[in-house]
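Take a look at the structure set out below.
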Amino acid sequence: MYFHPLHSPDSSQIGYLLADLDEQEAVVIDPPPRQTELILALLTERSLRLCHVLRTHVHQVDAADCSALCDCTSAQLVVGEAAALPRGCSREAMRVAHGARLVFGNEVVRVLSTPGHTPGCLSYLWRDRLFCGDAFDVGSCCAGDGEADPGALFDTLTRRLFTLPEQTLVFPAHPIKGRHVATLGELRARYAPRLQQSRDGFITDMMQRRPRPTASRIAAPAAEG
């Protein structure tokens, strides 16, 4: 077993390289932008073949185009069924649904559908480790992000992620409150005050937290007309 976090030097994004050293096969989860050369060097160092490039989510405007990495390694790009590939992406993607299993060597990654941050969000469960992208980014719903859905996020957290064992290690695509890893039990306790309300109450809370448009923004459309 081989596990190597990938930290972007110019952003807070975190990716993860997983490998079966016996079978010399690997997958990478959410490779950060401009990290292709580093990932290729790590693969060469361990004589690994990259099988899959797994994306937890893809934004409509997305800097992490994995085309170059896939081209160099012949790895298969994997995204959720409802994910929209970023503009300019030149790769065909394998679309997977909840419950799918991805194999590399003797290792298995289980696919979980976890929409909310974006419609096509996935999480990947490997052994006792959960790679969840931005599934715990409640703030994206508060910000009025057009890709975020507070109702879907509530369902993802309460009905899917928080049903996993409390000892599960959670590895996000961006630090959660400055932390790069936490147990699911810790996160359940942290998010409990927001999730103890009803689903409708959670949605209302997220909507009320959204910043109100300024007067100039409200007046702008009329001025253009």
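What residue, among those in segment 22-47 that are hydroxyl-bearing (S, T, Y) and in a helix (DSSP H, G or I), is most open to solvent (accessible area, probe 1.4 Å)? Looking at residues that are hydroxyl-bearing (S, T, Y) and in a helix (DSSP H, G or I), I get T44.
Restricting to segment 162-173, name every residue that is open to solvent by less than 60 Å² (accessible area, probe 1.4 Å) and out of contact with any Lys or Arg (no Cβ under 9 Å at 6 or more places or on another chain).
Result: L164, A173.
Restricting attention to segment 48-81, the residues being modelled with pLDDT of 85 or more, under 21 Å from D149 (Cβ atoms) and open to solvent by 30 Å² or more (accessible area, probe 1.4 Å) number 1.
In segment 135-154, of all residues being over 13 Å from M206 (Cβ atoms) and touching a residue at least 24 places away in the same chain (Cβ under 8 Å), the one that is most open to solvent (accessible area, probe 1.4 Å) corresponds to E147. In this structure, A84 does not qualify as more than 20 Å from L17 (Cβ to Cβ) and modelled with pLDDT of 90 or more. Inside segment 1-55, residues that are more than 16 Å from the chain's Cα centre (by Cα) and not polar (S, T, N, Q) make up a count of 27.
Quick check: is even one residue across segment 131-140 closer than 20 Å to P31 by Cα and at pLDDT 95 or above? Within segment 131-140, one or more residues are closer than 20 Å to P31 by Cα and at pLDDT 95 or above. Is it the case that some residue within segment 89-109 is in contact (Cβ under 8 Å) with a residue 24 or more places away in the chain, over 13 Å from the mean Cα position of the chain (by Cα) and closer than 18 Å to Q13 by Cβ? Checking segment 89-109: at least one residue is in contact (Cβ under 8 Å) with a residue 24 or more places away in the chain, over 13 Å from the mean Cα position of the chain (by Cα) and closer than 18 Å to Q13 by Cβ. Scanning segment 155-189 for residues that are free of Cβ contacts under 8 Å to residues at least 24 places away in the same chain, over 17 Å from Y16 (Cα atoms) and among the aliphatic types (A, V, I, L, M) yields a total of 1.
Among residues of segment 26-43 that are at positive phi, those with a beta-carbon under 6 Å from a residue that is among the β-branched types (V, I, T) and open to solvent by less than 20 Å² (accessible area, probe 1.4 Å) at least six positions away or on a different chain give the pairs D30/T56.
The values are calculated or read from the model by the stated rules, or taken from the named source; none is laboratory data. Quick caveat, the model's predicted, so the values are computed rather than measured. Every residue, glycine among them, receives a Cβ derived from its backbone with ideal geometry; neighbour counts consider all protein chains shown. Protein only, heavy atoms only, side chains kept; ligands, DNA and RNA dropped before computing areas. Shrake-Rupley method; radii C 1.70, N 1.55, O 1.52, S 1.80 Å.
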